[in-house]
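Just so it is clear, none of the values below were taken in a lab; they were calculated from the coordinates. Bear in mind the structure is a predicted one, so any value in this text is a computation, not a measurement. Note: ideal-geometry Cβ built from the backbone for every residue, glycine included; neighbour counts use all protein chains shown.
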Amino acid sequence: MTKVEENILVILSSPSGVGKTTLTKKIQQKYQSFKISVSHTTRPPRSNEVDGVDYHFTSKEKFEELIKTKKFYEYANIFENYYGTLKANVDEIIKKNDILFDIDWQGTKQLSKFKKLKLIKIFLITSNKRELKKRLLKRDQNTTAEIDKRFNSFDEDVKHWKDYDYIIINENLEVCFKQIESIIEYNKNLLSI
Ligand code: 5GP
């Protein structure tokens, strides 16, 4: 079996504020084999974000050129900005590493059409909307309007849980992390048999 066939692609999707970014970073710290897929976006950077690390921050014109020339495996318009995953990045990383995607349900649907990509799709949710609002406010990285947009998209986001292989309720970050670890290890073992 080649390295490409042994490597896994894990998608973590969730409504904003469920803890996905923290979990993504924890997974990468624990498993050296994982690289996070760094998306392109036209959204402006937050004060704590670094270009090339959190996202590739890109102009709308450049992004639309990349769409036109079919450079994306998937892209979506979310909260009035584009977000997308470049084919070239994924095809390069998968040669040596497992990949972790922090993308929404629209991107997951599009990626699933590429049958050569063996995806493990995980959907994270909070136990209730009140908890979500609390987390979005606590995160304090968005303006009130941005928090509202993210909160209001919850109902639409959760409608798409059926497109995923695993659904995890994130009531406790450590428990949630352990559940993701079991999923990763189970799927890695399947491929090494
Ligand atoms: P944020 O602006 O809060 O960083 O991200 C907003 C949403 O965009 C999150 O749900 C995140 O998962 C999603 N997202 C980030 N990168 C991508 C991407 O490349 N493609 C898609 N479809 N969604 C993405």
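Once the Cα-Cα distance is subtracted from the 0.36 nm per residue extended length, the residue 130 to residue 96 segment shows a gain of 8.1 nm.
Here are some pairs, 70/149; 25/149; 87/116; which of them have Cα atoms lying more than 18 Å apart in this structure? Kindly include the intermediate steps, with their values, before the conclusion.
On the way: 70/149 29 Å; 25/149 24 Å; 87/116 12 Å.
Those over the limit are 70/149; 25/149.
Determine, from the Cβ-Cβ distance of residue 68 and residue 139 and an R0 of 25 Å, the FRET efficiency 1/(1 + (r/R0)^6), rounded to the nearest 0.05. Efficiency for this residue pair is about 0.15.
Distance between the C-alpha centres of segment 42-57 and segment 64-94: 15 Å, rounded to the whole angstrom. Quick one: of 26/95; 30/188; 71/115; 20/162, which pairs are farther than 20 Å apart, Cα to Cα? Going by Cα-Cα distance, 26/95 fall outside the 20 Å limit.
Over the chain, one equal point on each Cα, no solvent: what is log10 I(q)/I(0) by the Debye formula at q = 0.14, 0.16 Å⁻¹? Taking Cα atoms of the chain as identical point scatterers yields -0.81, -1.09.
Among 46, 150, sorting on how many other beta-carbon atoms sit within 10 Å of each Cβ, with the fewest leading, yields 46, 150.
The Cα center of segment 159-177 and the Cα center of segment 95-120 differ in position by 17 Å. Under the 0.36 nm per residue contour assumption, what length would be gained going from the current alpha-carbon distance of residue 153 and residue 175 to full extension? Here the segment from residue 153 to residue 175 would lengthen by 5.4 nm. Helices assigned as whole DSSP H runs in the chain whose Cα atoms extend at least 24 Å along their own long axis and whose mean Kyte-Doolittle hydropathy is 0.0 or higher are found at 173-192. Annotation: amide H-H contacts under 5 Å for residue 124 (H modelled 1.01 Å from N, sequence separation of 5 or more, or interchain): 13, 14, 168.
What does the charge dipole of the chain about its Cα centre add up to, to the nearest 20 debye, if the Cβ of each Lys and Arg holds +1 and the Cβ of each Asp and Glu holds -1? Intermediate results must be reported in sequence, preceding the final value.
Details: 35 positive and 28 negative charges, 36 e Å.
Taking the Cα centre of the chain as origin, the dipole is about 180 debye.
Note on the chain: GNM, Cα springs under 10 Å; of 145, 76, 88, the largest mean-square fluctuation is that of 145.
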